[in-house]
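Below: the structure, in structure tokens.
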Amino acid sequence: MLLTEDKDFGRLVYANRQPSGGVIFVRFPANARRTLSRAVMSVIKEKGEQLSSKFVVLSPGRVRISGSQD
């Protein structure tokens, strides 16, 4: 599982459908940074194994999970 804020990496994996073990793409503005670590831990704890090979967009108060990237 890769945790990133790099939009280019997100485009490579998601839009170009490159295979990956799973990606959590973080979209947290500066004023919400204090809740970022809690949000990451929460999505991993709640979704766990479901995240393998998925592309996850994590925003304050929102989690979007897209299908397999294989």
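No lab work stands behind these numbers, since they all come straight from the coordinates. Bear in mind the structure is a predicted one, so any value in this text is a computation, not a measurement. Cβ atoms come from the backbone with ideal geometry, glycine included; neighbour counts cover every protein chain shown.
Points worth noting:
- G10 meets the conditions (1) part of a loop (DSSP other than H, G, I, E, B); (2) surrounded by 14 or more Cβ atoms within 10 Å (Cβ to Cβ); (3) of a type in the set (G, A, S) in every case but one. The failed one is (1).
- Residue list for segment 14-43, restricted to those being buried (at least 16 other Cβ atoms within 10 Å of the Cβ), aliphatic (A, V, I, L, M) and over 12 Å from G67 (Cα atoms): I24, V26, A39, V40, V43
- Evaluation of L3 against (1) of a type outside the set (S, T, Y); (2) under 13 Å from the mean Cα position of the chain (by Cα); (3) surrounded by fewer than 13 Cβ atoms within 10 Å (Cβ to Cβ) (one fails), failing number: (3)
- Output for segment 22-54, where each listed residue is in contact with a helix residue (DSSP H, G or I) (Cβ under 9 Å, 6 or more places away or on another chain), of a type in the set (G, A, S) and either at negative phi or outside any loop (DSSP other than H, G, I, E, B) (or both): A32, A39
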